[in-house]
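Remarks on the structure that follows.
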Amino acid sequence: MADFDITSKSMDGIASHGTKVGLARVLGPAHVWALGVGIVLVGEYMGWNFAVGKGGAYAALIACWFAGILYSCVAMIDSEVTSTVAAAGGQYTQAKHIVGPLMAFNVGLYLVFAYTMLEAGNAITLGYLISVAADMTGATQALDQRPFIILSIVFLAWLNYRGVLATLTFNLVITAFAFCAILVLFVASAPWSADSPLAHAELMSGQAALPYGWLGVLAAMHFGLWFYLGIEGTTQAAEEVRSPARSLPFGTLAGIMTLLIAATLTWYICVGFLPWEYLGDGVNGAVAPLFSAAQMTGSNALVIILGFGTLFATLASANGCINDASRAWFSMGRDHYLPQWFGAVHPTYRTPYRSIIFLVPIALIFALGAPLDQVITFSILSGLLGYTFMPINIILFRRKWPLDTIKRGYVHPFHPIPALVLLALCSLTYFAVFLGYGTQLIAMVSFYIVVSLWFHFWRYRFVKRADQFTMPWPKPRGY
Amino acid sequence: MWTLIEYGAWALSALFALHMIYDWYRTDTTYSEEVLTSSREGEIEAMTEEHRI
């Protein structure tokens, strides 16, 4: 066993090499939970219901649970690796230490694009929600959504700029509210009662059961990811939690459990209130299905609670995305994978302030100039590429540094089954995505090939190769 | 009312953006680049914490 022991109470195992200003270690497991669940919960409030449109209500449930297995594997693998690689950058830093620089560069870009695009998508959604609120309160003319889109991005960037503790405490409060709103709606619909307004038997029988057969189930997988997309973002907090070996696995695994409950309840409530044809049309039908379900109850209190729940879930997601994208960009700058200028930390607020500011105009350009479905598809595809890296990562990690060489904060069970299951489900999802968005998939893979060539033939010459491996691990087995 | 809220959103956006840009300028002109980019991966800040805890 190496001297390095991340679970040790007497030493942190990390030597100091001249850091004068670094990120602040102020977060606990609740903040990690808020970061992961906060990014994702908007997917329960809107977006997942496209899976119903692809294959009906049962197809959406099957996709929900298969995607749940996929993300449980992601959470377990992430928890083990990141409890050992306790540095900002998350999967980028893991890839750098375990696989190699080219993979790390690609994974870093997947992260930045996935989160920045998701942030832009959230801002577009927020503008839409405000315009709906304006319509409901009797606005006489169409609302200009742009100031609200810009305000959401700029305000959340400002909050992130001012410090991570306030940012993620804010996320904790609004995420908890949004999650509780789902529980309140479930309890209010009283599924155990004979008088329950839920009508599963009527809405899900006959043709409605599986309208497109098993091909519809496969097609629904693409949108099944919405229920959990972004939970892997917890790892970006690795350098800012007080106890990474404990907080990261705890926050991440509590997060995926929360999401499995929230996703199943969301499906159960919505398919019980809304016909699948309406629920599955996320553009002209149920744009925000939980809110539509609340309207079906006839209770004004539930409409208000779920309205705020939708708004808060959207804000929490954008907030977490700014946090995560900036940490990934910052880490790449700090390692010279990008200009080192991005690797600066604010001496007072202890945040990667230049990375936060730099990504604001990029998010604004996509939020104001690109259609929502394209923005979200780019985010999902970047995320999917990231998930495909994870099984390779954990298999190499266990092979190079077996359990008796580095003490982990968390050891995931049944290795390598989760890695193989994750790889199989990713392959299935690629096929599902190809069915609906084949052109975008090819375009995006082409983009990553081009930037990889740029990195390999140009950018890598600026990287100080010895400096990028900071973990005090023993030599990998076989080297 | 919503027209006023729109103007308010524009004004707040400008305020937050200007505050960030002002602070960015002030920070970059107050501290040296060496200090600002001194963070190294995985290190606990040397100014406040020691290797052994």
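The values are calculated or read from the model by the stated rules, or taken from the named source; none is laboratory data. Predicted model only: the values in this text are computed from it and were never measured. All Cβ positions, even for glycine, are placed from backbone atoms using ideal geometry, and neighbour counts span all protein chains on display. To get the accessible areas, we keep the full protein, side chains included, count just its heavy atoms, and leave off ligands, DNA and RNA. Shrake-Rupley method; radii C 1.70, N 1.55, O 1.52, S 1.80 Å.
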**Study point:** Residues of region A:330-344 satisfying the condition of being at the interface with chain B (Cβ under 8 Å from one of its Cβ atoms) and in a helix (DSSP H, G or I)
**Key:** A:331, A:334, A:340, A:341, A:343
Exercise for review: Just one of (1) more than 30 Å from residue B:41 (Cα to Cα); (2) at pLDDT 90 or above; (3) open to solvent by 20 Å² or more (accessible area, probe 1.4 Å) trips up residue A:216, so point out which.
Suggested key: (3)
Revision key, fill the gap. Residues of region A:398-425 being assigned to a helix (DSSP H, G or I) and either at pLDDT 90 or above or touching an Asp or Glu at 6+ places or on another chain (Cβ under 8 Å) (or both), in sequence order, are A:398, A:399, A:400, A:417, A:418, A:419, A:420, A:421, A:422, A:423, A:424
Exercise for review: Could you please tell me which pairs satisfy a Cβ distance under 6 Å, a separation of 6+ or placement on different chains, a first residue in region A:126-151 that is touching a residue at least 60 places away in the same chain (Cβ under 8 Å) and open to solvent by less than 40 Å² (accessible area, probe 1.4 Å), and a second residue that is among the polar types (S, T, N, Q) and in a helix (DSSP H, G or I)?
Suggested key: A:126/A:152; A:126/A:314; A:150/B:13
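Just for region B:41-53: of the residues that are facing chain A (nearest Cβ under 7 Å) and open to solvent by less than 90 Å² (accessible area, probe 1.4 Å), which one is modelled with the highest pLDDT?
B:41
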Check your understanding: Considering only residues of region A:81-104 that are touching a residue at least 40 places away in the same chain (Cβ under 8 Å) and of a type in the set (Gly, Ala, Ser), which is nearest to the other protein chains (Cβ to nearest Cβ)?
Key -> A:87
Practice item. Those residues that are over 17 Å from residue A:338 (Cβ atoms) and in contact (Cβ under 8 Å) with a residue 12 or more places away in the chain, I need them from region A:446-472; list them, please. Key: A:469, A:470, A:471, A:472
Review point. Pairs under 8 Å by beta carbon, first residue without any contact (Cβ under 8 Å) to a residue 24 or more places away in the chain and of a type outside the set (Lys, Arg) in region A:396-422, partner open to solvent by 30 Å² or more (accessible area, probe 1.4 Å) and not in a helix (DSSP H, G or I), six or more apart or different chains?
Key: A:403/A:411
Point to revise | Selection count where residues are over 24 Å from residue A:467 (Cβ atoms) and open to solvent by 10 Å² or more (accessible area, probe 1.4 Å), scope region A:323-344 | key: 0
Exercise for review: Can you confirm whether region A:345-353 contains a residue that is within 8 Å of chain B (Cβ to nearest Cβ), open to solvent by less than 10 Å² (accessible area, probe 1.4 Å), touching a His at 6+ places or on another chain (Cβ under 6 Å) and under 19 Å from residue A:116 (Cβ atoms)?
Suggested key: yes
Point to revise | Residues within region A:22-73 that are of a type in the set (Phe, Trp, Tyr) and part of a loop (DSSP other than H, G, I, E, B), tallied | key: 1
